[in-house]
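Here is the structure we will look at.
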């Protein structure tokens with residue numbers, strides 16, 4: 001039975017000392033609330049009253065019929081799609097450019113990663129200034145119509161503003177992971193390919209990309225889960241405005257529960273979000289693992 | 001890769017010059033928001049509205065924005081709160097998760113395997129699926145909101161599974177049991193063995209996890225916003241948010257507040273860039 005003691009008493013003592021404190025905190029913070037959340041979806045709790053009435057599956061029906069919820073879910077899927085693609089493309093290119101022995105590449109790496117160190121709240125505010133003041137000013141001075149009004153007051157442009165800030169925030173982080181992947185590539189294989197006359201594009205397609213699959217799996221997983229749950233940047237950059245057109249699903253759930261005081265419906269919607277995220281990341285990891293084996 | 005760049009000839013060289021050019025332009029685009037915030041934090045409001053790019057200002061430069069921001073956002077108080085919460089949570093997570101991970105690796109029983117699986121599976125749960133019951137339990141039922149220690153407790157709980165996971169992987173492949181047996185024969189208890197022999201050997205992983213957790217706790221907004229509402233308890237992100245709401249038209253002061261908020265972490269980054277970068281990469285790759 002392992003090495004945590006010989007006698008049962010000793011084993012029990014070590015279980016209490018080593019495992020229980022951490023497990024207790026984990027369970028009271030993650031597991032119990034998660035399970036309690038299912039119970040909440042069956043009640044009509046409004047956040048204040050002491051007694052909760054059981055309402056059965058009414059909240060799930062309400063969540064199903066909540067047009068705003070599905071609209072924000074749709075918007076989130078669109079946002080996730082574009083952010084994940086752009087973040088990873090840009091990060092991959094940056095990583096490729098910064099592993100070719102470029103002068104000062106460490107300096108560049110350090111710089112590109114910087115936005116990731118700063119919390120979403122501050123990032124959102126910084127870019128709010130950029131979009132609503134700096135670019136408007138630039139538009140007026142240069143006569144470029146695209147910047148003449150604030151991007152944040154137009155539904156489509158505000159959506160793209162969110163994507164841009166996300167790319168700015170996450171691409172440096174993913175770049176670091178791709179760099180680790182590039183540095184791990186065997187120089188022998190690369191040289192053999194060069195000697196065999198493989199061009200840059202051929203090497204990229206047939207050797208580098210297949211060998212980098214593990215890095216792609218990690219980066220896609222990280223960007224997917226980050227993008228699905230984004231809240232801070234959404235809150236401080238657009239706040240869901242104009243007219244709630246940029247309200248992503250995390251913000252919708254928050255407002256449903258804490259602003260509209262509809263805890264049961266909010267939690268039911270949060271569970272839908274959980275199921276969707278779990279399915280997508282599960283499928284992504286499964287496919288990645290399959291590709292990895294084939295390569 | 002370095003070698004192939006040398007043998008490539010002129011075409012390679014042209015490519016690498018365009019490459020460098022592209023990287024420099026990208027770099028400039030990435031840095032420009034920071035530069036603008038810093039520049040405008042020293043300007044008067046009228047000059048900012050007139051031209052946020054210009055280095056030449058009508059009224060000159062000022063540090064008044066900083067003085068106002070520092071006082072009005074109660075910077076020292078918020079900084080202290082952030083330091084308290086981040087510091088205590090990080091210490092708690094590191095020690096507790098190392099002990100749990102050690103137990104999981106060494107005691108191969110039902111308990112270990114059940115809770116290890118549970119922790120691994122829980123990493124997929126989005127925070128949004130927990131926050132509502134969390135407020136209901138810790139707020140309405142236990143009345144524990146508006147205490148910094150509650151936030152420490154919750155931070156610790158949320159960071160637990162990832163930290164246990166990373167520690168467990170390291171202990172499993174790097175800490176030989178024979179070392180512990182030697183200490184055990186010398187009369188050390190399990191707890192002594194752990195703190196005197198095992199824990200010091202975990203140092204590379206410990207520093208990775210310190211970096212990851214400190215960044216996550218320091219920058220977190222949503223969870224602290226649910227727990228702390230009282231003005232004197234706000235952490236830096238919370239007080240920046242409240243401050244912005246009140247002063248949003250006062251651009252210079254806002255810029256100064258943003259600079260003050262990001263300064264601590266950027267200064268840390270300046271000194272620990274190597275450790276932070278390798279820590280973040282190690283964390284991502286391992287989990």
If we keep only residues of segment A:100-124 that are surrounded by 20 or more Cβ atoms within 10 Å (Cβ to Cβ) and not in a helix (DSSP H, G or I), then the residue nearest to the other protein chains (Cβ to nearest Cβ) is A:119
Residue list for segment A:29-56, restricted to those being surrounded by fewer than 12 Cβ atoms within 10 Å (Cβ to Cβ), without any contact (Cβ under 8 Å) to a residue 60 or more places away in the chain and part of a loop (DSSP other than H, G, I, E, B) | A:49, A:50, A:51, A:53, A:56
Among A:19, A:71, the single one that is more than 7 Å from chain B (Cβ to nearest Cβ), under 32 Å from the mean Cα position of the chain (by Cα) and either more than 24 Å from residue B:135 (Cα to Cα) or not in a helix (DSSP H, G or I) (or both) is A:71
Of all residues in segment B:21-49, how many are modelled with pLDDT under 80 and facing chain A (nearest Cβ under 8 Å)?
-> 2
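So that you can scan it fast, the table gives a plain yes or no per residue for (1) within 30 Å of residue B:223 (Cα to Cα); (2) modelled with pLDDT under 90; (3) assigned to a helix (DSSP H, G or I); (4) at the interface with another protein chain (Cβ under 10 Å from one of its Cβ atoms):
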site	(1), (2), (3), (4)
A:129	yes, yes, yes, yes
A:135	no, yes, yes, yes
A:138	no, yes, yes, yes
A:156	yes, yes, yes, no
A:163	yes, no, yes, no
A:166	yes, no, yes, no
A:170	yes, no, yes, no
A:177	yes, no, yes, yes
A:183	no, yes, yes, yes
Quick one: which helices (runs of 4 or more DSSP H) lie wholly within segment B:163-252 and hold at least 3 residues that are farther than 28 Å from residue A:29 by Cα?
-> B:177-185, B:236-247
Could you name every one of the helices (runs of 4 or more DSSP H) located completely within segment A:191-289 that has at least 2 residues being touching a residue at least 60 places away in the same chain (Cβ under 8 Å)?
-> A:213-228, A:249-254
So which residues in segment B:60-73 are part of a loop (DSSP other than H, G, I, E, B) and in contact with a helix residue (DSSP H, G or I) (Cβ under 6 Å, 6 or more places away or on another chain), if there are any at all?
-> B:73
For segment B:95-132, which residues satisfy the criterion of being free of Cβ contacts under 8 Å to residues at least 12 places away in the same chain, within 7 Å of chain A (Cβ to nearest Cβ), part of a helix (DSSP H, G or I) and under 18 Å from residue B:192 (Cβ atoms)?
-> B:103
Filter segment B:240-258 for residues that are within 21 Å of residue B:53 (Cα to Cα) and more than 10 Å from chain A (Cβ to nearest Cβ); the one that is modelled with the highest pLDDT is B:256
Here the residues within segment B:163-185 that are within 11 Å of chain A (Cβ to nearest Cβ) and surrounded by 18 or more Cβ atoms within 10 Å (Cβ to Cβ) are B:163, B:164, B:167, B:180
In the set A:123, A:117, A:75, A:86, which member is assigned by TED's automatic domain parsing to the domain that holds residue A:245 and within 27 Å of residue A:210 (Cα to Cα)?
-> A:86
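The values are calculated or read from the model by the stated rules, or taken from the named source; none is laboratory data. Worth saying up front: this structure is predicted, and the values here are computed from it rather than measured. Backbone-built Cβ (ideal geometry, glycine too); neighbour counts: all protein chains shown.
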